[in-house]
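Peer 1: Please find one structure pasted underneath; my questions will follow.
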C-alpha cells in the first residue's frame, strides 16, 4: 500500500470520489491508516462521519434532552429505544420505538423515497428482536396551490403511494400521523416515519457481537436481498443541500415482499437461537451497508472482523469493493452467531423460507469471521480492500457549531374582523383544516387485528398489541411549522405538548417520546440557533410532562436529526421539530374517542382561552396573516390538565374527548360533531376570535350532566356548551350546519392534491 | 377439538390474526408454510383458510402464483372431499386464480378479481362496508351457516377486489353469491361507496358449486371483537358498540365473528 499522502493528494481524492468529508477529515483518516486510504476506507469513513450517522453537529445539543425515567430499558444509542410496557402471563413485555426522516430521497423520488423510509424504520424495530405492530408518518409538504404547486402535488401523491405500497404489503398497520402544508417546504418535503413494536423483555436483541465471541469462533451471516449498487452514498446524500434532481442514484429501492418473508424467517431464526440459549448479535443494514454493519457489530463487542466481500451474494457482477461494502441495498440484516450454528441458521433462510427461490440471487451467507485482533479487515478478489484499526471507525467526530439568533418575530395583525360562521367554514374547507381521510383511506390500519381506534376516530390511534393483555398503546406525532417559524423554542415545546394531549385525550398515560429534528444547514449559525432553541423547547416540555412520578421527565428514548433541509438557493425549511409520544392505557376498553354520545350532555372546556393567535389557523386562513404571539407553553398547567383529564376518563365519566390545538375551540368542536354525524355542540361562550379560534392548549370533554353537579371543577375547567341533536356547531349569534359542509371537508384534500388524476 | 390449517404463502400477512380468531372460536388452528406439504399431508385438517396479504408480491396478478404452488393440489383435493375452505382477501384471489371458485370446470379459471373501480381514485382502499348473506347460501355454505340474514359491517383493504365474469356466465354466477355489499339497512347499494370496488352484482364473497369453498374479499378476522368496530359506525352495530359496557366491549363478538362461528357450528363445536 501507498505512502502517507499530502493534503493536495487528499483534496483530489475527496473531490474525484464525490465525498462529503472535509480535507481535514481526510487527513485524520490518512493518519489513522498511515497511508493513502483505500476507496473502501474513504467511503466507509465518509458515511460514518456524515452528519446522518455521526451526529457530529448535534451530539452536544442532544445530550440536553431528558432520557432517564424508571420505565426506560434502552435509551438513545441503539437502533431503537425500549421502554417497559406491560406484564402478561408472567412475562414482561417492552415497547420498542424508532423515529427517523427520509426527507431528501422523498423529495427526489417520492414513491421510492417514502417506501424506503417505512422500510428503514421498521428494520430498526425488527432488529431489536421485536414484532412491529404499527407505523406512523409525519408529513410536511409545500403549498399545493402555490407557485410550485404541481411539483408539490406530485410529491404528495408519490409519498402517499410509497407509504401504502410498502406498509400495506409488509403487514404493519398504519397508525396515522399528520400532514401539514407550508410554502417553506416547497423545495424540501419532510417524510418523518415512526415505527414501534413489542418484544418480551428477555428476548431483546442487541446490535453487537456478544462477549461469548471472545471464547468461541463467531461468524457474520448476511441475509436478505442480494447486494447491488443502489443507495451508494445515501447517508452522504442525506447530509447535503438538495439541488434539483441530483442524488437520484443515492435513493434505495425497497421491496416489502422480501421484507415480509425475511421478517418471518428472522423470527424463526431468533426463536431458534433463544430456545437453544445461544448468544448472538443482530443488526439491520442501513446507512453504509455492509461496511457499517460489520464494523459496528464487531467494534461494539470489542472485537475485530475479517470480511470476505467475495462471499457476499450480489445481483450485479464485478462491482468495485467500495460499492459492495457501502451500497445501501434494502432488506438486509447482519447476524453474529457461533460458527457451530451457522449451518442451522442458513438452512432456515435458504431452505425453510426458500429465499433463493423467491428472489434471484437472494440468500443468507457467511461473509465474515470475528477475531480478537481489533482490526477491520476486508478482502475482495484476493486484495486488501480495507485494513483499519476498528475503534477509529466508530469513534466518530464532533463539531461545535456557531449559533446566532434569528429574529423571526412578526407583529400581530392590526385588525381582527371575525364572523364565526364564515370563518369556521373557511378553516374547515381550507387545505390546512380539512379532513385527512383521503390519505388514510390508502393505508391498511387494521392488519394484525389489534387496532382499537383508527386514524380520525380519536386524537391518537390505539392498539392492543400484546395477546391476552388489555393494555392499550396510544400513539401520536405532532409538530407545527407555523409555530416553529415564529419561535423555534415554542415549536419544540408545543410539539411535545400536543402529542401528549393527543395521547391523554384517549385516556393513555404518556410513557416515552421520540423526536425527529428537521432543520437547515448546521454550518449556518442561524439554522443552528433554531435547532438549539427547538431542542431546548422539547427538553423543557419533557421535563414538565413526566408521568412516572417524582421528578422524572417524559423520556426521549430515540430520535434522529435531519440537517441540510434547504435547497442550494439557500432557502431552508421552517424549523421543524417533530415529536411522537407513546402512551399506555391499562385497560383499552376505557379508551375515549371523538364521537359525541348523548343530547344534552355538558361539554367542558379545559384550559382557559388566551389572546395568543400567532401562527393560528384563523390568522392564516381567515386574515392571511402569519405573525403574532405564539401560544405560551405553560408546563405545569399542561401537566395539571392532563392529570385531571386522565382521572375523569379512568373514572368512566368522560363520553368523548378532543384536544384543542390547530383552529382552536371552534374547530375542535366541529371535528367532534363531524365524527359523530347525529350530534353537534351548542357553545354558550362569547363569540370573539380569542375564545373561538385561539390555539391555547386545552381539551373539550363531553360528560354526563351529573358530573358537573357532583364534581368540584378545577379553576382551569368550565362548562362551554352542551351536546345538541344534528351535526352542527353554534354559539351566540352564529351557527354552522356541518352536514352540508361534510362533503367539502372530506373531499377538499383529494380535489386539490389528486386533481391531476381527475378527482 | 376440530382443527383448521392456515396456509401462508411468501408475502401473506394476515396468518396470525386469522389463526387467533379460529382458536377463539373453539377450533385448533395451525399455520403451515407453502412448502410444509408433507407435514400438512400427514396432519389433514378439518378446514382450510388462505389468509390475506400479498402472496408472491402480487407478481403478474394477485394470487396467480400462489394458486400454482404444489400445496394447492392438497387444498384442491380437500375441496373435492367437501372440507370447508375459506380464502380471505388475497386468499380469495388465490381461490379464484386456482379455479376452485366458482369451480364450474375444476382447475380452470372462470372469473377474476380486477382492480377497484371507484370514482376519482385508483389503487388501494381501506374502510368498512356492509354485507348481507344470500338466504340460499346460508343453507349451503358452512362459513355462512350461523347467519340470520341481517346485514353486518366488515372492513375491506384491497386494491383488486372487483369480481368480474364473462358476459355469458353472469346468470349462473348468481347462484354462487355468498355475501353481497349493501347499505347499512341491507338495501341494495347505490354504487360507490356501498359497493366499494365496482364488483359485479355487488359480490363480496363467492362460493363454489357445492358451497364448501368461499372466496371472500372483506376481512372478518378484523371485526371479530365488538371493540374493533369503529365508534362512528352507523346502524345497530354502531349503537351497540357505543353503548356497550366495559364487559360487553370485551366479551361480545364483533360482526365478523359469525363467519368463524359458522365453521364451529358446522364442525360440531359446542
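The values are calculated or read from the model by the stated rules, or taken from the named source; none is laboratory data. Only a predicted model underlies this, so the values are computations on that prediction, with no experimental measurement involved. Glycine gets a Cβ as well: all are built from the backbone with ideal geometry, and neighbour counts include every protein chain shown.
Peer 1: How many of the residues in the stretch A:582-630 are more than 14 Å from every other protein chain (Cβ to nearest Cβ), part of a helix (DSSP H, G or I) and surrounded by fewer than 24 Cβ atoms within 10 Å (Cβ to Cβ)?
Peer 2: 5
Peer 1: Residues of the stretch A:719-739 being surrounded by fewer than 16 Cβ atoms within 10 Å (Cβ to Cβ) and either within 14 Å of chain B (Cβ to nearest Cβ) or under 36 Å from the mean Cα position of the chain (by Cα) (or both), which ones?
Peer 2: A:739
Peer 1: Can you pull out the residues in the stretch B:75-123 that are in a helix (DSSP H, G or I) and in contact with a helix residue (DSSP H, G or I) (Cβ under 6 Å, 6 or more places away or on another chain)?
Peer 2: Of everything in the stretch B:75-123, those that are in a helix (DSSP H, G or I) and in contact with a helix residue (DSSP H, G or I) (Cβ under 6 Å, 6 or more places away or on another chain) turn out to be B:90, B:94, B:97.
Peer 1: Now for a different question. I want to confirm something. Restricting to the stretch B:37-58 and keeping residues that are within 21 Å of residue B:107 (Cβ to Cβ) and within 13 Å of another protein chain (Cβ to nearest Cβ), which single residue is surrounded by the fewest Cβ atoms within 10 Å (Cβ to Cβ)?
Peer 2: Only one residue tops the list, namely B:37.
Peer 1: Related question: Given A:205, A:156, which one is buried (at least 21 other Cβ atoms within 10 Å of the Cβ) and either closer than 29 Å to residue A:752 by Cβ or within 14 Å of another protein chain (Cβ to nearest Cβ) (or both)?
Peer 2: The conditions single out A:156.
Peer 1: In the stretch B:139-160, which residues are within 29 Å of residue B:265 (Cα to Cα) and assigned to a loop (DSSP other than H, G, I, E, B)?
Peer 2: Result: B:141, B:145, B:146, B:147, B:148, B:149, B:150, B:151.
Peer 1: Do we have any residue at all in the stretch A:750-758 that's within 25 Å of residue A:598 (Cβ to Cβ) and either within 14 Å of chain B (Cβ to nearest Cβ) or in contact with a strand residue (DSSP E or B) (Cβ under 8 Å, 6 or more places away or on another chain) (or both)?
Peer 2: No, the stretch A:750-758 contains no residue that is within 25 Å of residue A:598 (Cβ to Cβ) and either within 14 Å of chain B (Cβ to nearest Cβ) or in contact with a strand residue (DSSP E or B) (Cβ under 8 Å, 6 or more places away or on another chain) (or both).
Peer 1: If you don't mind, another one. Please go through the stretch A:28-38 and give me each residue that is surrounded by fewer than 18 Cβ atoms within 10 Å (Cβ to Cβ) and assigned to a helix (DSSP H, G or I), ordered by number.
Peer 2: Matches in the stretch A:28-38: A:28, A:31, A:32.
Peer 1: Next up: Restricting attention to the stretch B:229-252, which residues are touching a strand residue (DSSP E or B) at 6+ places or on another chain (Cβ under 7 Å) and within 7 Å of chain A (Cβ to nearest Cβ)?
Peer 2: Selection gives B:230 alone.
Peer 1: Next question. When the stretch B:124-137 is examined, which residues are found to be crowded, with 18+ Cβ neighbours inside 10 Å and in contact with a helix residue (DSSP H, G or I) (Cβ under 8 Å, 6 or more places away or on another chain)?
Peer 2: B:124, B:126, B:130, B:133, B:137
Peer 1: From the residues in the stretch A:740-749 that are over 19 Å from residue A:682 (Cβ atoms) and surrounded by fewer than 18 Cβ atoms within 10 Å (Cβ to Cβ), which one is farthest from the other protein chains (Cβ to nearest Cβ)?
Peer 2: Within the stretch A:740-749, the match that is farthest from the other protein chains (Cβ to nearest Cβ) is A:744.
Peer 1: Report every pair of residues separated by at least 6 positions or lying on different chains whose Cβ atoms are under 6 Å apart, first residue within the stretch B:8-20 and within 15 Å of residue A:468 (Cβ to Cβ), second modelled with pLDDT of 95 or more and outside any helix (DSSP H, G or I).
Peer 2: Listed pairs, sorted by first residue: B:17/A:448; B:17/A:449; B:19/B:6; B:19/B:29; B:19/B:31.
Peer 1: Give just the number: which of (1) touching a strand residue (DSSP E or B) at 6+ places or on another chain (Cβ under 6 Å); (2) crowded, with 22+ Cβ neighbours inside 10 Å; (3) under 26 Å from residue A:586 (Cβ atoms) does residue A:668 not satisfy?
Peer 2: It is condition (3) that residue A:668 fails.
Peer 1: Okay, moving on. Go through the stretch A:164-201 and count every residue that is under 30 Å from residue A:72 (Cα atoms) and within 14 Å of another protein chain (Cβ to nearest Cβ).
Peer 2: The qualifying residues number 10.
Peer 1: Of all strands (runs of 3 or more DSSP E) completely enclosed by the stretch A:703-748, which ones contain at least 1 residues that are under 18 Å from residue A:645 (Cβ atoms) and in the same structural domain as residue A:429 (by TED's automatic domain parsing)?
Peer 2: It comes to A:717-725.
Peer 1: I've got another one for you. Give the residue that is surrounded by the most Cβ atoms within 10 Å (Cβ to Cβ), with candidates limited to residues of the stretch B:160-203 that are modelled with pLDDT under 95 and closer than 17 Å to residue B:114 by Cβ.
Peer 2: Among those residues, the one meeting the criterion is B:192.
Peer 1: Can you name the number of the only condition in (1) away from chain B (no Cβ under 14 Å); (2) surrounded by fewer than 24 Cβ atoms within 10 Å (Cβ to Cβ); (3) outside any loop (DSSP other than H, G, I, E, B); (4) modelled with pLDDT of 95 or more that residue A:277 fails?
Peer 2: Condition not satisfied by residue A:277: (3).
Peer 1: So how many residues does the stretch A:660-712 have that are away from every other protein chain (no Cβ under 14 Å) and within 32 Å of the chain's Cα centre (by Cα)?
Peer 2: Total meeting the criteria: 21.
Peer 1: Somewhere in the stretch A:347-370, is a residue on the phi < 0 side of the Ramachandran plot, surrounded by fewer than 16 Cβ atoms within 10 Å (Cβ to Cβ), free of Cβ contacts under 8 Å to residues at least 40 places away in the same chain and away from chain B (no Cβ under 14 Å)?
Peer 2: No, the stretch A:347-370 has no match at all.
Peer 1: For the list (1) surrounded by fewer than 23 Cβ atoms within 10 Å (Cβ to Cβ); (2) more than 10 Å from every other protein chain (Cβ to nearest Cβ); (3) farther than 15 Å from residue A:257 by Cα, I need the number of the one condition that residue B:7 fails.
Peer 2: That leaves (1) as the condition not met.
Peer 1: Can you name every residue in the stretch A:49-76 that is out of contact with any strand residue (DSSP E or B) (no Cβ under 9 Å at 6 or more places or on another chain) and crowded, with 24+ Cβ neighbours inside 10 Å?
Peer 2: A:49, A:50
Peer 1: Which of (1) away from chain A (no Cβ under 13 Å); (2) part of a loop (DSSP other than H, G, I, E, B) does residue B:136 not meet, given it meets every other one?
Peer 2: In the conditions (1) away from chain A (no Cβ under 13 Å); (2) part of a loop (DSSP other than H, G, I, E, B), residue B:136 misses (2) alone.
Peer 1: Hey, another quick one. Run residue A:541 past the list (1) surrounded by 24 or more Cβ atoms within 10 Å (Cβ to Cβ); (2) over 19 Å from residue A:69 (Cα atoms) and report the number of the one that doesn't hold.
Peer 2: (2)
Peer 1: Does residue B:226 meet the test of being crowded, with 16+ Cβ neighbours inside 10 Å, more than 14 Å from every other protein chain (Cβ to nearest Cβ) and in contact with a strand residue (DSSP E or B) (Cβ under 7 Å, 6 or more places away or on another chain)?
Peer 2: no
Peer 1: Looking at the stretch B:16-36, which of the residues that are more than 14 Å from chain A (Cβ to nearest Cβ) and assigned to a strand (DSSP E or B) is nearest to residue B:6 (Cα to Cα)?
Peer 2: B:30
Peer 1: Give the residue that is farthest from the other protein chains (Cβ to nearest Cβ), with candidates limited to residues of the stretch A:650-659 that are outside any helix (DSSP H, G or I), surrounded by fewer than 22 Cβ atoms within 10 Å (Cβ to Cβ) and touching a helix residue (DSSP H, G or I) at 6+ places or on another chain (Cβ under 7 Å).
Peer 2: So, considering only residues that are outside any helix (DSSP H, G or I), surrounded by fewer than 22 Cβ atoms within 10 Å (Cβ to Cβ) and touching a helix residue (DSSP H, G or I) at 6+ places or on another chain (Cβ under 7 Å), the one farthest from the other protein chains (Cβ to nearest Cβ) is A:653.
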